[in-house]
Amino acid sequence: MNWRSERIRLELRMGSRKTSNVCWAFILLLGSLGFFLVGTSSYLGRNLISLFPSQQILFFPQGIVMSFYGTAGLFISSYLWCTIFWNIGSGYDLFDRKEGIVRIFRWGFPGKNRRIVLRFLMKDIQSIRIELKKGGIYTRPALYLEIRGQGAIPLTRTEENLTPREMEQKAAELAYFLRVPIEVFLK
C-alpha cells in the first residue's frame, strides 16, 4: 500500500513476512527435525520415526552426521522464524515536499538499534539512480537515492522482481516528485 498526494509520498516496504520466507522456514524446520530425530533414534536404538528403522542406520558415522545436520538446520530455521516474527526489513519511505525532508524507516533486529531511521533534507538529494546488474540470463534493476556527501541509499530490495520497465516507471515518478534527474548505471 502506497499513499501519494501533491506534497507527500509514502511507500510502505514489506519485510521478512513473505509467503516464500514462511514456506522455506517451514520446509527447513520439518527437514531438520527429521534429520535430528533419525540421528537421535539411531543413538537410542529406538524407532522415533517409523519410516526409518533404527537398526539400518548406525550411530557412527551416519547418526552423528544426521544429528549434526538436524541441529544446524534447527538453528537456521529458528533464525528464519525470528526474522519473520520480528518482520525484519519492513518499514516505509516518506518523502515530504512540504517540510523538505526524506525519512527512511526500517525495522531491524531487537536491541538498542532496532529502529533504523535515515533522515535528510530533500535539497541534498543529488539524483535517483537505477543500476542494472547483469546476472546470468536476466538483468536485475535496483533503485538508489543518491545523497550529497552520503553516497547511495538503496530504495528497493534485490528480491523485488520488478522488470526494468516497472523500475524505470517507479524511478521516473519519484524523480518527478523530488524534481531531481535520473542516472542509469550498468554493472
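Is at least one residue of region 112-128 free of Cβ contacts under 8 Å to residues at least 12 places away in the same chain, surrounded by fewer than 18 Cβ atoms within 10 Å (Cβ to Cβ) and out of contact with any Phe, Trp or Tyr (no Cβ under 9 Å at 6 or more places or on another chain)? Spell out the reasoning first.
As a first pass, look at region 112-128 and keep what is free of Cβ contacts under 8 Å to residues at least 12 places away in the same chain: 112-115.
Remaining after also requiring surrounded by fewer than 18 Cβ atoms within 10 Å (Cβ to Cβ): 112-115.
Next, only the ones that are out of contact with any Phe, Trp or Tyr (no Cβ under 9 Å at 6 or more places or on another chain) stay: 112-113.
For region 112-128, residues free of Cβ contacts under 8 Å to residues at least 12 places away in the same chain, surrounded by fewer than 18 Cβ atoms within 10 Å (Cβ to Cβ) and out of contact with any Phe, Trp or Tyr (no Cβ under 9 Å at 6 or more places or on another chain): present.
I'd like to know if region 110-126 contains one or more residues that are assigned to a loop (DSSP other than H, G, I, E, B), within 18 Å of the chain's Cα centre (by Cα) and under 20 Å from Arg4 (Cβ atoms).
no
So which residues in region 168-181 are under 19 Å from Ile101 (Cα atoms) and either in contact (Cβ under 8 Å) with a residue 24 or more places away in the chain or in a loop (DSSP other than H, G, I, E, B) (or both), if there are any at all?
Ala171, Leu174, Ala175, Phe177, Leu178, Arg179, Val180, Pro181
Could you say whether any residue in region 75-87 is free of Cβ contacts under 8 Å to residues at least 24 places away in the same chain, within 30 Å of Pro181 (Cβ to Cβ) and either out of contact with any Phe, Trp or Tyr (no Cβ under 7 Å at 6 or more places or on another chain) or surrounded by 14 or more Cβ atoms within 10 Å (Cβ to Cβ) (or both)?
Checking region 75-87: not a single residue is free of Cβ contacts under 8 Å to residues at least 24 places away in the same chain, within 30 Å of Pro181 (Cβ to Cβ) and either out of contact with any Phe, Trp or Tyr (no Cβ under 7 Å at 6 or more places or on another chain) or surrounded by 14 or more Cβ atoms within 10 Å (Cβ to Cβ) (or both).
Can you pull out every residue in region 140-167 that is outside any strand (DSSP E or B) and either more than 20 Å from Tyr92 (Cα to Cα) or of a type in the set (Phe, Trp, Tyr) (or both)?
The answer is Arg148, Gly149, Thr163, Pro164, Arg165.
Give the residue, chosen from Glu99, Glu183, Glu160, Glu146, that is out of contact with any Cys (no Cβ under 7 Å at 6 or more places or on another chain), modelled with pLDDT under 90 and not hydrophobic (A, V, I, L, M, F, W, C).
Glu160
Name the residue that is farthest from Trp24 (Cα to Cα), counting only residues in region 66-92 that are outside any helix (DSSP H, G or I) and in contact with a Lys or Arg (Cβ under 7 Å, 6 or more places away or on another chain).
Let us first name the residues in region 66-92 that are outside any helix (DSSP H, G or I), namely 87-92.
When the remaining residues are screened for being in contact with a Lys or Arg (Cβ under 7 Å, 6 or more places away or on another chain), the result is 87, 89-92.
On the way: Asn87: 15, Gly89: 17, Ser90: 19, Gly91: 22, Tyr92: 25 Å.
Once the filter is applied, the top-ranked residue is Tyr92.
In region 47-59, is there at least one residue being modelled with pLDDT of 90 or more and surrounded by 14 or more Cβ atoms within 10 Å (Cβ to Cβ)? Lay out the reasoning, then the answer.
Taking region 47-59 as the starting set, the residues that turn out to be modelled with pLDDT of 90 or more are none.
So far as region 47-59 goes, no, none of its residues is modelled with pLDDT of 90 or more and surrounded by 14 or more Cβ atoms within 10 Å (Cβ to Cβ).
The values are calculated or read from the model by the stated rules, or taken from the named source; none is laboratory data. Since we're looking at a predicted model, the values are computed, not measured. Here the Cβ is made from the backbone with ideal geometry for all residues, glycine too, and neighbour counts use every protein chain on show.
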